[in-house]
Amino acid sequence: MTSENVIETDVLIIGGGLSGIFAAIKARKEGVDVTIVEKGYVGKSGAALYANNTSIFNPEWGHNLKEWMTQIAETGDYMNNPEMTEITLKESYERYQDLRSYGVEYPKGEDGEIIGLPPRGVLRDYFTGRGTVWMPKLRNPTLKSGAKIMDRIMITDLINQDGRVVGAVGFHTRTGDFYVFKAKATIVCTGGGTLSLTTYDGEAMAYRAGADISGKEFSISGTGPFKYMGSGYGYYGDRKGETRVSLEDKKVEPMPRFGASMFIDKYLDSEGNKVNRYTLLSAVHQGRAPFFWNLDDATPEEIETTLKTGGTLDFTKGLYQVPMRLEMYVGWGVHCASGISSTDTSGGTSLPGLYAAGDGYNSKAVGAKYVHRGFGTRNAMVIGSRAGRSAAEYAKTAEKITIDPAEITRLKNTAYAPLERKSGFDQDWVTMQLKSITFPYYVWFVRHGDRLKAALTLIEFVKNHITPMMYAKPKDTHGLRLAHEAKGRVFSFEMMLRAALFRTESRGVHYREDYPFRDDPDWLAEVKIRQKDGEMELVKEPFPNEWWPDLSRPYRERYPIEYVGEESTRDRD
């Protein structure tokens, strides 16, 4: 029999990654009690461990606000909230100063200047070292702020009492003990998710509690820009940033992403024809795979880097077979632009008492396509800080917390249900089904209504028939955690497929083969998903006109990156 623990706090923060840490420190400065709950270990968990940079805007470094704002809007196909974008830019330098005060050291050259990536176009970012190095340094500042850290507790559900979030429940992943957290305000900072790397805990529990979810159609992959996706990065200028090129010149330069894809002009298809990175996936769709990289044009350093991707190297022919392994990233949304839907610029959501920040929160600071390295970490810090302060102010005036004991009993039974079953399906099998349904490029990358409907039918079957029968072995609390993560993934992939079907156009990383054009102004809108009578309801919410691009500009000027199938846009206007 597990023990039951009740913890009361003013502000509960779920997730101890970058956004959660900043939320905690800033909330504590407002004089309220703060508790961070992390299913791993604060300082060694979170998606920020994979980061190695953060983007900083500073006019004193020659940055131009109008240029940055224009580029972010155009790169994201105008799916961003300009007010939120401007806030994250203007507050980024202060958050950078916070990092330095917390003990994060930035690599420096002999002249003492910070070493960073060469500025590419109008957007510039700086290395901060691997997250595995600087994230652990953030634990002590969090504790020194007076925030309480509770590691290795997985939150399974939020507590919604009379339409207001008043805390959460979960279990200790080592002991199995049950925890009830009563909180005047709750901030979800659990990050986004993928098939194999991270999970969708926050948005899944927020959806079940009644919060709106949005941006899910822009969940594709972190693998890089193909012509089908309209380029994953879109910045303008020369490679070294020594001479900035005006936006009107439309000189687009894709960012290297991984291994062989760094070498844009060296791909060959199975017949020896050149294939660049924009048309790689198009060539797959045309049956021209496998692909090779011409080693004759490679440097030793490039070969060493490429080998890390796991392809087949054949020095006798001077070729390297490019692996098409995208599994780990499938389902990854645009950083800070997919998940719990924002209602303001301070971490607010559609539920009173619930706030959010980080990769699992659609702040709309960026649009339908990721802009540049470092934007995810920057926005996590800025929005995490704002959510912390906003939640603290709400907690100061919130009414006394009252929770129905029957609801706690229901949530507890849900949390431990897999342990109560002696047979059924394990989480590995559920995850395997997700991969088999969504991994094919013709479902996730090259989308079509018919294929999306077929995939959705299978996902619905998994959700309705398989996940209710997931089980974990007796006393296997780690298996229990994995079962809940698998359940969250199924929920989130259903939302992605439904949103992709609902948006009948192509935009950002969302490419519909049957709708290859952006449809302005009809789809200058957000797709919101909410629970209604136990089902997912999708609603189109138009953006304010002031967020729109200038519709008097020709289509190709508004959208310089073409999708396959929209070549006729040169004559569209």
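Annotations
- The lone criterion from (1) at pLDDT below 70; (2) crowded, with 17+ Cβ neighbours inside 10 Å; (3) among the aliphatic types (A, V, I, L, M) left unmet by V284 is number (1).
- Among (1) part of a helix (DSSP H, G or I); (2) surrounded by fewer than 23 Cβ atoms within 10 Å (Cβ to Cβ); (3) in contact (Cβ under 8 Å) with a residue 40 or more places away in the chain - the single one K66 does not satisfy: (3)
- Residues of the range 437-455 that turn out to be modelled with pLDDT of 90 or more and either more than 25 Å from E505 (Cα to Cα) or not aliphatic (A, V, I, L, M) (or both), as a count: 6
- Given (1) at pLDDT below 85; (2) in a helix (DSSP H, G or I); (3) of a type in the set (D, E, K, R), index of the condition E105 fails: (2)
- The condition (being assigned to a loop (DSSP other than H, G, I, E, B), touching a strand residue (DSSP E or B) at 6+ places or on another chain (Cβ under 8 Å) and modelled with pLDDT under 90) is satisfied by just one residue among S221, S231, S196: S231.
- From the options A500, A472, A455, residue that is closer than 19 Å to T414 by Cβ and surrounded by 15 or more Cβ atoms within 10 Å (Cβ to Cβ): A472
- Taking the listed residues A406, A417, the one that is surrounded by 15 or more Cβ atoms within 10 Å (Cβ to Cβ) and either more than 26 Å from the chain's Cα centre (by Cα) or among the acidic types (D, E) (or both) is A417, with no other qualifying.
- Within the option set T9, T35, T2, being in contact with a strand residue (DSSP E or B) (Cβ under 7 Å, 6 or more places away or on another chain), modelled with pLDDT under 90 and either in a loop (DSSP other than H, G, I, E, B) or of a type outside the set (D, E) (or both) holds for one residue only, T2.
- Residue within the range 338-358 that is assigned to a loop (DSSP other than H, G, I, E, B) and within 20 Å of E74 (Cβ to Cβ) present: yes
- Of all residue pairs spaced 6 or more apart or on separate chains, those with beta-carbon atoms under 7 Å, a first member in the range 149-176 that is in the same structural domain as I401 (by TED's automatic domain parsing) and buried (at least 24 other Cβ atoms within 10 Å of the Cβ) and a second member that is in a loop (DSSP other than H, G, I, E, B) and small (G, A, S) are V165/G353; V166/G353.
- Scan of the range 351-388 for residues that are touching an Asp or Glu at 6+ places or on another chain (Cβ under 6 Å) and over 18 Å from A211 (Cα atoms), ordered by number: G367, A368, R373, G374, V382
- Counting only helices (runs of 4 or more DSSP H) that sit wholly inside the range 424-538, those with at least 1 residues that are farther than 27 Å from D212 by Cβ and under 23 Å from the mean Cα position of the chain (by Cα) are 427-438, 441-444, 477-502.
- The range 329-344, residues that are out of contact with any strand residue (DSSP E or B) (no Cβ under 6 Å at 6 or more places or on another chain) and of a type in the set (A, V, I, L, M): V330, V334
- Residue within the range 384-399 that is of a type in the set (V, I, T) and touching a residue at least 60 places away in the same chain (Cβ under 8 Å) present: no
- Restricting A365, A395, A356, A380 to those that are aliphatic (A, V, I, L, M) and either surrounded by fewer than 24 Cβ atoms within 10 Å (Cβ to Cβ) or within 20 Å of S196 (Cα to Cα) (or both) reduces the list to A395.
- Failed item in (1) part of a loop (DSSP other than H, G, I, E, B); (2) of a type in the set (A, V, I, L, M); (3) at pLDDT below 75, with A365 passing the rest: (3)
- Hits in the range 521-549 - residues which are touching a Phe, Trp or Tyr at 6+ places or on another chain (Cβ under 7 Å) and without any contact (Cβ under 8 Å) to a residue 24 or more places away in the chain: A525
- Screening the range 132-144 for residues that are in contact with a strand residue (DSSP E or B) (Cβ under 8 Å, 6 or more places away or on another chain) and not hydrophobic (A, V, I, L, M, F, W, C) and picking the one that is surrounded by the most Cβ atoms within 10 Å (Cβ to Cβ) gives T142.
The values are calculated or read from the model by the stated rules, or taken from the named source; none is laboratory data. What you are looking at is a predicted structure, and each value in this text was computed from that prediction instead of being measured. Note that we place each Cβ from the backbone using ideal geometry, even for glycine, and neighbour counts take in every protein chain shown.
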